[in-house]
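The values are calculated or read from the model by the stated rules, or taken from the named source; none is laboratory data. Just so you know, these numbers come straight off a predicted model, no measurement behind them. Positions of Cβ are generated from backbone atoms using ideal geometry, with glycine treated the same way; all protein chains shown enter the neighbour counts. Each accessible area value is taken on the protein alone, full model and side chains, heavy atoms only, with ligands, DNA and RNA left out. Shrake-Rupley method; radii C 1.70, N 1.55, O 1.52, S 1.80 Å.
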Amino acid sequence: MPELPEVEVVRRGLERWVSGRTVAEVQVLHPRAVRRHVFGAADFADRLVGESFGPACRRGKYLWLPLGPVPRQDPSAAGGGTSLLGHLGMSGQLLVQSRDVPDETHLRVRVRFADSQDTELRFVDQRTFGGLSLHGWVPGDPNGLPDAIAHIARDPLDPAFDEAAFHAALRRRRTTVKRALLDQSLISGVGNIYADEALWRARLHYDRPTATLTRPLSTALLGHVRDVMHAALAAGGTSFDSLYVNVNGESGYFDRSLDAYGREDEPCRRCGTALRRRPWMNRSSYYCPRCQRPPVRRAA
């Protein structure tokens, strides 16, 4: 599944190629792609035609494009507007393609623009877990944040991310550190791959209780999360197959630089110990048994 760096790469592509353009035609080729739009596919298409896309925005793994300008001088006026919200799910792709490029096998939605007969925006999704929908703005938000994702926490690359509140929440919750990193109501945008990478860098076992994290430890962990994401952004994201690509159809390649994820039985790049993989919440956790010692379980 695309994580924050992959989604941010796509956001930057949308900002360059789609923001500011006016919609001339919308084709919904599979209703499941707009299933989160409660009024149906026809209403989705009709409401988009004639609208112009504002700046491309992101919160965690969600992308959105406000329809029309968002009042920024008076944020309290930012209510009553509509934004196009997108989530890539497991295999979703937002591609800017030339019209003469043959349709992808799993093309779900096509958006054509009034200012050009040459390019169009395509939503392609093999597994149909992702989707597009229209939502009202959260009143007072200066970016046209869709109300459907108002509950999603800010991500660690957001300048407004509250580190003190994050640490306090970690100490209060009876959970483990990797579960906390994947909790989108606590911190958004971190998925399985980058959680394992940050925990390896921080020398923390994925099952360590959050209540045992001191403020310096949680601060260091956040720093490692940010470092991993910045490195992935510089590389264009992480891609293990053709399912993740940016708007130009180019795959990321940060997977070549991964220190933990996907490296079972390979030597740890710090100590040389063979890395291990353990089943975890229908996923896998990769870690070094020497650098990331499991927590000691006290007897009742």
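The table below lists the values:
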quantity	calculated
Largest to smallest accessible area among Arg208, Arg122 [probe 1.4 Å]	Arg208, Arg122
Residue range of the chain that is longest and free of chymotrypsin sites (Phe, Trp or Tyr not before Pro) which are both DSSP loop and sparsely packed (at most 13 other C-beta within 10 Å)	40-239
Helical contribution to [θ] at 222 nm, DSSP H n ≥ 4, -39,500 (n - 2.57), averaged over the chain, rounded to 500	-7000 deg cm²/dmol
Kyte-Doolittle at least 0.5, axis length at least 18 Å by Cα - qualifying DSSP helices, the chain	215-235
Segment 155-217: trypsin sites (Lys or Arg not before Pro) falling in loop per DSSP and having at most 12 other Cβ within 10 Å	Arg174
Where the chain is the region considered: accessible area per residue in Å², 1.4 Å probe	46 Å²
Taking the chain and dividing mean pair separation by its residue count, relative contact order in percent (alpha carbons under 8 Å, at least six apart)	18 percent
The chain - percent of accessible surface contributed by carbon and sulfur, probe 1.4 Å	48 percent
